[in-house]
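Below is one structure, written out as structure tokens, with a few remarks after it.
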């Protein structure tokens, strides 16, 4: 249990990518981490784009970046909604500025873009937001996982094994 004692923050909102939320959620718990999945409201059931329900364990507004060791952001279309919440952007920026891991997969890169933390980073994502990342100052590459300093990125659900391995490896260095 490499991550015993670590606290992970994840975000949830309707139309999240089911596998990109659930796979890291259970994988990091398996490593001993406490995973808090914060949504706009605590205890609300949000529905993934493939129909899987997930009940938030906390409200985004109640979270403080100092209480977490890392942030993992799932894709789907939820990030497009979440990035409109100033608290989501504040948490993302504060985790990043503290040098803690910020991991994003698929469309999740929209949140770090809106938080203003992508300039000068090399990353990957779904090709659908490649231009957004480049316009935010990132260098985009087509790889299953990219680790650049404290950021980890992946393209799609097929990349989840590499994405989660990178999260565990970087978070426990």
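Take residue 35 and tell me if it is closer than 19 Å to residue 17 by Cβ, in contact (Cβ under 8 Å) with a residue 60 or more places away in the chain and not in a helix (DSSP H, G or I). Lay out the reasoning, then the answer.
Details: closer than 19 Å to residue 17 by Cβ: yes; in contact (Cβ under 8 Å) with a residue 60 or more places away in the chain: no; not in a helix (DSSP H, G or I): yes.
In short, no.
So, in the stretch 79-98, of the ones that are closer than 18 Å to residue 148 by Cα and under 13 Å from the mean Cα position of the chain (by Cα), which residue ends up surrounded by the most Cβ atoms within 10 Å (Cβ to Cβ)?
Among those residues, the one meeting the criterion is 92.
Just one of (1) in a loop (DSSP other than H, G, I, E, B); (2) touching a strand residue (DSSP E or B) at 6+ places or on another chain (Cβ under 9 Å) trips up residue 84, so point out which.
(2)
In the stretch 1-32, what residues are in a strand (DSSP E or B) and either more than 12 Å from the chain's Cα centre (by Cα) or farther than 15 Å from residue 106 by Cα (or both)? Spell out how you get there, then give the answer.
In the first step, residues of the stretch 1-32 are kept if they are in a strand (DSSP E or B); the result is 7-11, 16.
Listed by number, the residues that qualify are 7, 8, 9.
With the checklist (1) under 14 Å from the mean Cα position of the chain (by Cα); (2) buried (at least 20 other Cβ atoms within 10 Å of the Cβ); (3) without any contact (Cβ under 8 Å) to a residue 60 or more places away in the chain in hand, flag the one item residue 129 doesn't pass.
Here residue 129 meets the rest and fails (1).
Quick one: in the stretch 66-78, of everything that is part of a helix (DSSP H, G or I) and touching a residue at least 40 places away in the same chain (Cβ under 8 Å), which residue is surrounded by the most Cβ atoms within 10 Å (Cβ to Cβ)?
For the stretch 66-78, the residue satisfying everything is 78.
Check the stretch 14-23 and report whether any residue there is modelled with pLDDT of 95 or more and more than 24 Å from residue 156 (Cβ to Cβ). Please lay out each step first, then the result.
Pass one, the stretch 14-23, residues modelled with pLDDT of 95 or more: 14-23.
This time we only want the ones that are more than 24 Å from residue 156 (Cβ to Cβ), so: none.
Looking through the stretch 14-23, none of the residues is modelled with pLDDT of 95 or more and more than 24 Å from residue 156 (Cβ to Cβ).
Report yes if some residue within the stretch 99-108 is in a loop (DSSP other than H, G, I, E, B), surrounded by 19 or more Cβ atoms within 10 Å (Cβ to Cβ), modelled with pLDDT of 95 or more and in contact with a strand residue (DSSP E or B) (Cβ under 9 Å, 6 or more places away or on another chain); otherwise report no. If you could, list the steps in order and put the result at the bottom.
Our first condition is that a residue be in a loop (DSSP other than H, G, I, E, B); within the stretch 99-108, this holds for 99-100.
Within this subset, residues satisfying the condition of being surrounded by 19 or more Cβ atoms within 10 Å (Cβ to Cβ) are none.
Checked the stretch 99-108: no residue is in a loop (DSSP other than H, G, I, E, B), surrounded by 19 or more Cβ atoms within 10 Å (Cβ to Cβ), modelled with pLDDT of 95 or more and in contact with a strand residue (DSSP E or B) (Cβ under 9 Å, 6 or more places away or on another chain).
Considering only residues that are outside any helix (DSSP H, G or I) and out of contact with any strand residue (DSSP E or B) (no Cβ under 7 Å at 6 or more places or on another chain), look in the stretch 118-137 and name the one that is nearest to residue 78 (Cα to Cα).
Of the stretch 118-137, the ones outside any helix (DSSP H, G or I) are 118-126, 136-137.
Then drop every residue that is not out of contact with any strand residue (DSSP E or B) (no Cβ under 7 Å at 6 or more places or on another chain), which leaves 118-120, 126, 136-137.
Numbers: 118: 19, 119: 23, 120: 25, 126: 14, 136: 20, 137: 23 Å.
Among those that are outside any helix (DSSP H, G or I) and out of contact with any strand residue (DSSP E or B) (no Cβ under 7 Å at 6 or more places or on another chain), it is 126.
Return the total of residues in the stretch 55-65 being surrounded by fewer than 21 Cβ atoms within 10 Å (Cβ to Cβ) and not in a helix (DSSP H, G or I). Break it down stepwise before answering.
Applying the first criterion (surrounded by fewer than 21 Cβ atoms within 10 Å (Cβ to Cβ)) to the stretch 55-65 yields 55, 57-59, 61-65.
Narrowing further to those that are not in a helix (DSSP H, G or I): 55, 57-59, 63-64.
So the count comes out to 6.
The values are calculated or read from the model by the stated rules, or taken from the named source; none is laboratory data. Everything numeric in this text was worked out from a predicted model, so none of it was measured. Note that we place each Cβ from the backbone using ideal geometry, even for glycine, and neighbour counts take in every protein chain shown.
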